[in-house]
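Shown next, in structure tokens, is the structure this report addresses.
The values are calculated or read from the model by the stated rules, or taken from the named source; none is laboratory data. All of these numbers come straight from a predicted model, not from anything done at the bench. Here the Cβ is made from the backbone with ideal geometry for all residues, glycine too, and neighbour counts use every protein chain on show. In case anyone asks, the SASA skips ligands and DNA or RNA and just uses the protein heavy atoms, side chains included. Shrake-Rupley method; radii C 1.70, N 1.55, O 1.52, S 1.80 Å.
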Amino acid sequence: MKDLGSLRYFLGIEVAFSPKGYLLSQSKYTTDILERARLTDTRTVDTPYELNVQYSPSDGNPLSDPTLYRTIVGSLVYLTITRPDIAYAVHIVSQFVASPTTVHWAAVLRILRRISCYGIYYQRDCLVTCRYGCFFFLSHSHVL
């Protein structure tokens, strides 16, 4: 058996180490999703889901080609491993993969505007997971 050193990347999940804990993120995967969706603007939103909005299958006009919608939603499902804050919104939009509409696509775009370089930080002496920005974590810790 061979020691491969410290874990840095596994199944698309980046692992950063500090003396206080570990940060799990999918920043490269997130960037790939944004490129695939051709989302070029830099607008962000505070929440991945609009409050008090109910979506139905008949909202909006059907998408002419739902392939991109299905691909992006599937990618977002995998992203929820390190982004539990978007899990509910992704669950809602995934209900419409059979016949998505323009309204559902707008909801997906809102989720995409929410995601950025964040991950889950596991502290060594604490069972609570906290969310920190990757850049804050990496600039304030020793990464192996």
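Tabulated results
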item	result
Tally of residues being touching a residue at least 40 places away in the same chain (Cβ under 8 Å), open to solvent by less than 90 Å² (accessible area, probe 1.4 Å) and among the hydroxyl-bearing types (S, T, Y) across region 37-71	3
Those helices (runs of 4 or more DSSP H) lying entirely in region 79-144 with at least 3 residues modelled with pLDDT of 70 or more and touching a helix residue (DSSP H, G or I) at 6+ places or on another chain (Cβ under 8 Å)	87-94, 102-114
Residue within region 50-67 that is in a helix (DSSP H, G or I) and over 20 Å from S99 (Cβ atoms) present	no
Residues of region 14-36 classified as out of contact with any helix residue (DSSP H, G or I) (no Cβ under 8 Å at 6 or more places or on another chain), surrounded by 15 or more Cβ atoms within 10 Å (Cβ to Cβ) and either closer than 29 Å to Y69 by Cα or at pLDDT 85 or above (or both), total	2
L76 outside any loop (DSSP other than H, G, I, E, B), over 16 Å from the mean Cα position of the chain (by Cα) and at pLDDT 90 or above	no
